[in-house]
Structure formats: structure tokens, C-alpha cells
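Novice: This is the structure I have questions about; it appears just below.
Only the coordinates and a few stated rules stand behind these numbers; no lab work does. Note that this is a predicted model, so its numbers are computed, not measured. Neighbour counts are summed over all protein chains in view; Cβ atoms, including those assigned to glycine, are modelled from backbone coordinates with ideal geometry.
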Amino acid sequence: MLEKYTQLFSRLRTDRGRDRYPAFTNHRAPHKPFLLLSVMELPQFVWSVCYILFV
């Protein structure tokens, strides 16, 4: 399953610009994959907080 998401994330359209993004990001905007990973983690985080508060 992780391989599937790795492949899908690698195909995301990202902003390119040699003057805006450093070489270690391949001169592309790295924020879109990070945003998607954060959104995928959100339900687990909310569940954990609710569990701590109400149990």
C-alpha cells in the first residue's frame, strides 16, 4: 500500500523554479506531498486527542 502512495505522490504536479526552490528538492515545490500526508494523518491525530480527553 505504501508503494501505491509513493507512486501517486511522485506524479503530483508541482511548481518548478530554479530560482525559488533549492537543488535538494529538484527545484520543485515540496509542499503538496507534505500537505497530503498531513491530511492523511489528521483523523488519527483527532482520534488520539479525543481518546486522551474523554477516556
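Novice: Inside the stretch 15-55, can you point out the residues that are charged (D, E, K, R), in contact with a helix residue (DSSP H, G or I) (Cβ under 9 Å, 6 or more places away or on another chain) and either exposed (fewer than 10 other Cβ atoms within 10 Å of the Cβ) or assigned to a helix (DSSP H, G or I) (or both)?
Specialist: Once the filter is applied, which keeps residues that are charged (D, E, K, R), in contact with a helix residue (DSSP H, G or I) (Cβ under 9 Å, 6 or more places away or on another chain) and either exposed (fewer than 10 other Cβ atoms within 10 Å of the Cβ) or assigned to a helix (DSSP H, G or I) (or both), the stretch 15-55 yields only 32.
Novice: What tally of residues in the stretch 1-14 results from selecting those that are surrounded by 10 or more Cβ atoms within 10 Å (Cβ to Cβ) and either among the aliphatic types (A, V, I, L, M) or assigned to a helix (DSSP H, G or I) (or both)? Working first, answer last.
Specialist: Step one: of the stretch 1-14, the residues surrounded by 10 or more Cβ atoms within 10 Å (Cβ to Cβ) are 5-6, 8-9, 12, 14.
Those still in the list that are either among the aliphatic types (A, V, I, L, M) or assigned to a helix (DSSP H, G or I) (or both) too: 5-6, 8-9, 12.
Residues that pass the stated criteria total 5.
Novice: Here's something else I'd like to know. Give me a count of the residues in the stretch 13-46 that are among the hydrophobic types (A, V, I, L, M, F, W, C) and either more than 13 Å from the chain's Cα centre (by Cα) or more than 23 Å from residue 3 (Cα to Cα) (or both).
Specialist: Of the residues in that region, 4 qualify.
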